[in-house]
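Asks: Structure incoming, see below.
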Amino acid sequence: MSCSHGPRLLLVSNGHGEDLNGAHLGRALVRLGGHPAAFPLVGHGEAYQQLGIPKEPVATRSFPTHGMGYQSLGGVLQELRNGQTIDGLRRSITAARLARHYDAVVAVGDVVPVVVAHLSRRPAFCYLVAYSSHYEGRLRLPWPCGPSLRSRRFLGVFSRDRFTASDLSTQLGRRVEFLGNPFLDAVGVSTIPLPSLPHPRVGLLPGSRLPEALNNLALMLVMLLQLPQRPGRGPLGLAAALVKDVTVDHLAAVAAQQGWRLQRHRPRCPGAAALELVHGDLGVELYWGRFADVLHGSQLLVAMAGTATEMAVGLGKPILQIPGAGPQFTPRFAEAQRRLLGPAVFCGTGPPGSVANARDTARLLMALLWDGDVPTICLRTAHERIGHYGGSQAMAQAILGSLN
């Protein structure tokens, strides 16, 4: 069964963020001599393709909730209506059957890939990226996740933070390790640094899924108009990290609705944006496909995203939330994210989408930028809740070491 140059491993993941983690873990396994292949249970698994990890040749489908339906009753009902629940069950059974042709299975996500790995009857590993004890103080694993992970079939279990590793080690009666998070490797360095500024830069992370990302960007533009005057300090630098699905036409429509205008930006040095949104003295530079550059080049991030926010926290950046209408970044999701990521994440008061919320968020943004204690708090949070770079390598070494 084993390849002469290393074991064959099937990576089973169930979501876009999970695919990203699985892809970086897969790349580390390749570097160490393993032969991984991927089975994304949700969507098309683009992250695996981008990093050159082969996928099992089975048909894939994309659904509107993108694996996020558990966050709301509406999402669950939508999954039932569009067939995502049935499709997910069918794909899980297929993944368990295919996994029996591999030397080991690596589950990335939550209870679903864990059950797939358990049913495969192969040696298994699990990276529980979807669960954390920080949510409630004690992690309540859904059945049958706990009994599966207690099985001797699982040779290694990895958590997403230190607190969860300690909690689950006690609950499961076995060693659960925190070795870092592979997703942090995706933003390890800035490829093309943003131009340096004499004043702080604030990054905008409106999310990756349409139309929600555009609605989120509109809320951010409303908030920016509430920023207090900064006499003698000059305008803030503002940079938005956008996915390729956000087009110029999309931006022109959003700008017109909010009283902004879209115009060409005259870059003064290499790495600057070619387009910007302008309103009076405010200018938001627009960057496509340069997510890591925006993270590294910003002192603070206004974020309405999931995994992207976790990456920013891992870099020691303060996060300012604006809860939106969803389907992903709802007030409920934002509150859960604050429990997960702790003191590095802040949120203004007032009803979501209201002028009061926009004003308080703008006030809080300026206060955070000039609070000297914030960088220390954020670095401590990054260490405790996300970990250091190299999580992919450390996890891959542990997996391959257990199979030798």
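All of the numbers you see were taken from the coordinates with simple rules; none came from a lab. Remember, predicted model here, so these are calculated numbers, not experimental data. Neighbour counts run over all protein chains shown; Cβ positions are idealised from the backbone, glycine included.
Asks: Over the chain, with a Gaussian network built from C-alpha contacts below 10 Å, which listed residue (Leu41, Leu340, Leu301) shows the highest mean-square fluctuation?
Replies: Maximum fluctuation in the GNM of the chain, among the listed residues, is at Leu340.
Asks: Could you work out [θ]222 nm for the chain from helices alone, using -39500 (n - 2.57) per DSSP H run of at least four and dividing by all its residues? Round to the nearest 500 deg cm²/dmol.
Replies: Counting only the DSSP helices, I get -12000 deg cm²/dmol.
Asks: Using a Gaussian network model on the chain with a 10 Å cutoff between Cα atoms, which of Ala186, Ala308, Ala274 fluctuates the most?
Replies: Judging by the Gaussian network model, the answer is Ala274.
Asks: Using unit Cβ charges (K, R positive; D, E negative) and no other charged atoms, how large, in debye to the nearest 20, is the dipole of the chain about its Cα centre?
Replies: Result for the chain is approximately 700 debye, rounded to the nearest 20.
Asks: Then there is this: Mind telling me which of Leu205, Leu275, Leu365 comes out most flexible in a GNM of the chain, alpha-carbon contacts under 10 Å?
Replies: Leu275
Asks: Would you work out which of Tyr287, Ala394, Pro228 lies farthest towards the positive end of the dipole of the chain, given +1 charges on the beta-carbon of Lys and Arg and -1 on that of Asp and Glu, about the Cα centre?
Replies: Ala394
Asks: Output the antiparallel fraction of DSSP beta bridges having both residues in the chain, as a percent to the nearest 5.
Replies: 20
Asks: For Val248 and Ala367, compute 0.36 nm times the residue count separating them, minus their Cα-Cα distance, and round to one decimal in nm.
Replies: 39.6 nm
Asks: For region 201-385, take N as its residue count and report Rg(C-alpha) divided by 2.2 N^0.38 Å.
Replies: Ratio of Rg to 2.2 N^0.38 Å for region 201-385: 0.96.
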